[in-house]
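One structure is given here, and the rest of the page talks about it.
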Amino acid sequence: MHELPVVQDLIKTLDEESREKGIERINRINLKIGELSGIIGECVQMYFDILSAGHSSEKAELRFIRVPAMLRCENCGKEFPHEKSFDCPDCGSMGKLIKGSGREFLIESVEADLK
Ligand SMILES: [Zn+2]
């Protein structure tokens, strides 16, 4: 259920951007969602369809890009994405989660028509 405020923020941000940059209509929004953010794409889409009516982003297509959490190796310091394992690809030691990583919800890019 925490997608609701996230979507409200998103639409507000896009309206501000549109005003600043003279965007008439937003066609597509590429969003990065961290794997640990707990944000579900389908829920974002559902709220977005309802809440974007009358805004610059109305009827825009949402694309979700899943972002893995990042780990840092405790032994050699290498940073690597968490895919299946916590083991460092270089030395095989255990990696530790980098604080805040995998929790992002960001606008990666926007495709739009200018006025
Ligand atoms: Zn390592």
Members of the stretch 56-105 that are buried (at least 16 other Cβ atoms within 10 Å of the Cβ), closer than 30 Å to LYS12 by Cβ and of a type outside the set (A, V, I, L, M, F, W, C): SER56, SER57, SER101, GLY102, GLU104
Looking at the stretch 38-63 only, could you name the residues that are over 19 Å from GLU17 (Cβ atoms) and in contact with a strand residue (DSSP E or B) (Cβ under 6 Å, 6 or more places away or on another chain)? ILE39, GLY41, GLN45
Of the residues in the stretch 62-75 that are of a type in the set (D, E, K, R) and within 14 Å of the chain's Cα centre (by Cα), the one that is farthest from PHE105 (Cα to Cα) is ARG63
Could you please tell me which pairs satisfy a Cβ distance under 8 Å, a separation of 6+ or placement on different chains, a first residue in the stretch 72-85 that is under 15 Å from LEU36 (Cα atoms), and a second residue that is within 8 Å of the ligand (Cβ to nearest atom)? HIS82/GLY95
Looking at the stretch 38-55, which of its residues are surrounded by fewer than 17 Cβ atoms within 10 Å (Cβ to Cβ), within 19 Å of the chain's Cα centre (by Cα) and assigned to a loop (DSSP other than H, G, I, E, B)? GLY38, ILE40
Which ones in the stretch 18-37 are open to solvent by less than 70 Å² (accessible area, probe 1.4 Å), more than 11 Å from PHE105 (Cα to Cα) and of a type outside the set (Gly, Ala, Ser)? ILE23, ILE26, ASN27, ARG28, ILE29
Identify, please: which residue in the stretch 83-106 is part of a strand (DSSP E or B) and in contact with a Gly (Cβ under 9 Å, 6 or more places away or on another chain) and is, among those, nearest to the ligand (Cβ to nearest atom)? ASP87
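The values are calculated or read from the model by the stated rules, or taken from the named source; none is laboratory data. Note that the structure is predicted; figures quoted are calculated from it, not measured. Using ideal geometry, Cβ is built from the backbone for each residue, glycine included, and neighbour counts are taken over all protein chains shown. Accessible surface areas use protein heavy atoms only, side chains included; no ligands, DNA or RNA. Shrake-Rupley method; radii C 1.70, N 1.55, O 1.52, S 1.80 Å.
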